[in-house]
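Worksheet: the structure to be examined is printed underneath.
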Amino acid sequence: MKTIGIIGGMGPLATVDLYRRIVLRTKAAKDQDHVHVLIDSNTNIPDRTKAIIANGEDPTVELIKSAKRLEQSGADFLIMPCNTAHYFIDIIKESVHIPFINMLEETVKYTYDKYGKDTVVGIMATDGTIKSKIYENYYSKLGIKTVVPEKTQEKIMKFIYDVIKSGKYDEGTDLLFECAEELRQKGAVTFLLGCTELSSAQYLYKFEGPFINPMEVLTEASITYAGGELN
C-alpha cells in the first residue's frame, strides 16, 4: 500500500481526528492491514485566514517545509486537514514531486454524487474560506448553488476559534446551529462543515443531519488511494 503524508497542525485536534478516522474506516484484522501514515503536525504554520484577508504572515513557507519533510520521509502522496489552507494548494504542490489529494475537490464531487446538481449548499467556514470563495468556485464548476452566512458569520468564527480551537468543548453547539438556521432560511438544504474544526465538532458532539463533512470525504479518498479497504 501507499504511504499517506498528512500536513497537520491546523489545528492539532483536526489532525488527530483525521488519523483516527483513517484507522477506524480501514478494514483491518491486524496491524499490518492498516495504511502507513506519516504525520507532520506543524503548529508553526501561521493562521491561514489572517494571511488571506488581513495581510498576515505567509503560511506557505511552513506548509512547503511540511510537504517536503513528508516527501523526504517516504510519503507517496499528501493530504491536508485544513480547508482554508487549500487556498495555497497549488504553491505547495509545486514544491514536491508526489500527488496531493485535494479535499475540496473530493468534497464537491461527493456533494454532487450524493445530493445531485440541484441541491443548495450552505457553507459554514472561516472568514478566509468564505471571502476567498474557494468552495464556491469549486461548486460553481458543477453548477451547484451555494449560500453563505452574513448575520452569523461572526458566530461561526467564534465557534471555530473560541470553542473548538480553544478546547472549550462544554460550550456546546448553539453558535453552529444558529449559523445553520440562517443558511436554511436562505435556501440551504445541505450544510458544508467547511472547516476541519467543524468536522471535529461533528465527531465530538455527534450531531446528525444533512451535513457534508470534508474530513470524512478525505478519509475515504485517502484510504482508497493508498490501496486500503474501507470499513
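Under the rule a/c < 1.5 gives rounded, and otherwise a/b versus b/c splits prolate from oblate, where does region 131-214 land using the Cα gyration tensor?
prolate
Treat the chain as a sphere of radius equal to its Kirkwood radius over Cα pairs and apply Stokes-Einstein at 4 °C in a medium of 1.567 mPa s; give the translational diffusion coefficient in µm²/s, rounded to a whole number.
73 µm²/s
Sorting 97, 36 on the 10 Å Cβ count, fewest up front, what's the list?
Final ranking by Cβ density, sparse to dense: 97, 36.
With the contact rule set at Cα under 8 Å and sequence spacing of 6 or more, what percent relative contact order holds for region 43-138?
This gives 30 percent for region 43-138.
Pick out, from 231, 188, 175, the residue whose Cα sits farthest towards the positive end of the charge dipole of region 98-231, with +1 on the Cβ of Lys and Arg and -1 on the Cβ of Asp and Glu.
188
Mind listing the long-range amide H neighbours of residue 124? Cut-off is under 5 Å, sequence gap 5 or more, other chains count too, H placed in the peptide plane at 1.01 Å from N.
Distant-sequence amide H within range of residue 124: 192, 194.
Taking a ≥ b ≥ c as the square roots of the Cα gyration tensor eigenvalues, with a/c under 1.5 meaning rounded and otherwise prolate when a/b beats b/c, else oblate, which class fits region 80-183?
oblate
Once every DSSP H run of n ≥ 4 in the chain is given -39500 (n - 2.57) and the sum is divided by its residues, what mean residue ellipticity at 222 nm do you get, rounded to the nearest 500 deg cm²/dmol?
-13500 deg cm²/dmol
Describe numerically, in nm with one decimal, the distance between label points set 7 Å from Cα along Cα→Cβ at residue 94 and at residue 53.
The two pseudo-label positions are separated by 2.6 nm.
Can you sort 132, 66 from fewest to most other Cβ atoms within 10 Å of each residue's own Cβ?
So the residues, fewest neighbours to most, are 132, 66.
Strictly over 22 Å apart at the Cα level, which of 117/158; 158/206; 50/151 would you flag in this model?
Over 22 Å Cα-Cα: 117/158.
Which of the trypsin sites (Lys or Arg not before Pro) found in region 100-182 are loop residues per DSSP with 15 or fewer other Cβ atoms within 10 Å of their Cβ?
Taking region 100-182 and a limit of 15 other Cβ atoms within 10 Å, the loop trypsin sites (Lys or Arg not before Pro) found are 117, 133, 151, 168.
Separation of region 45-124 and region 162-231 by C-alpha centroid, Å?
Cα centroid to Cα centroid, the span is 17 Å.
Over the chain, what is the percentage of antiparallel beta bridges among all DSSP beta bridges, to the nearest 5?
Bridges in the chain that DSSP calls antiparallel: roughly 5 percent.
Output the relative contact order of the chain, whole-number percent, from Cα pairs under 8 angstrom with separation of 6+ residues.
Relative CO of the chain lands at 26 percent.
Values in this text are rule-based calculations from the coordinates and carry no lab data. As the structure is a prediction and not an experimental result, all values here were calculated from the model. Neighbour counts are summed over all protein chains in view; Cβ atoms, including those assigned to glycine, are modelled from backbone coordinates with ideal geometry.
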